[in-house]
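The values are calculated or read from the model by the stated rules, or taken from the named source; none is laboratory data. Only a predicted model underlies this, so the values are computations on that prediction, with no experimental measurement involved. Here the Cβ positions follow ideal geometry from the backbone for every residue, glycine too, while neighbour counts run over all protein chains shown. When the accessible area is computed, the model is the full protein with side chains, heavy atoms only, and any ligands, DNA or RNA have been set aside. Shrake-Rupley method; radii C 1.70, N 1.55, O 1.52, S 1.80 Å.
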Amino acid sequence: MRSIQIEVDPLECRFCRRPLEQRRWWAPKRFCNGWHRLKYRVCQVVAFVLD
Ligand SMILES: [Zn+2]
């Protein structure tokens, strides 16, 4: 018997590595807040430019 199981991976903030509590599995959080998301994007752009 197969049961549908939704696995929620314990994601951590991509910027500060803090574990995030996932309350919405359909929209998992990757950052603590918008500020960390912005910083992460900036770091990506900088890395892309330098590469
Ligand atoms: Zn963070």
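Points to keep in mind about this one:
- Residue that is nearest to LEU11 (Cα to Cα) [pool: residues in segment 21-51 that are among the basic types (Lys, Arg) and either touching a residue at least 40 places away in the same chain (Cβ under 8 Å) or in a helix (DSSP H, G or I) (or both)]: ARG37
- On the stretch given as segment 26-37, residues that are under 12 Å from the mean Cα position of the chain (by Cα) and either open to solvent by 90 Å² or more (accessible area, probe 1.4 Å) or among the basic types (Lys, Arg) (or both) total 3.
- Among the residues of segment 1-32, those that are of a type in the set (A, V, I, L, M, F, W, C) and modelled with pLDDT under 90 comprise MET1, ILE4, ILE6, VAL8, LEU11, TRP25, TRP26, ALA27.
- One residue stands out among those in segment 14-25 that are within 14 Å of the ligand (Cβ to nearest atom) and open to solvent by 100 Å² or more (accessible area, probe 1.4 Å): the one that is nearest to the chain's Cα centre (by Cα), which is ARG14.
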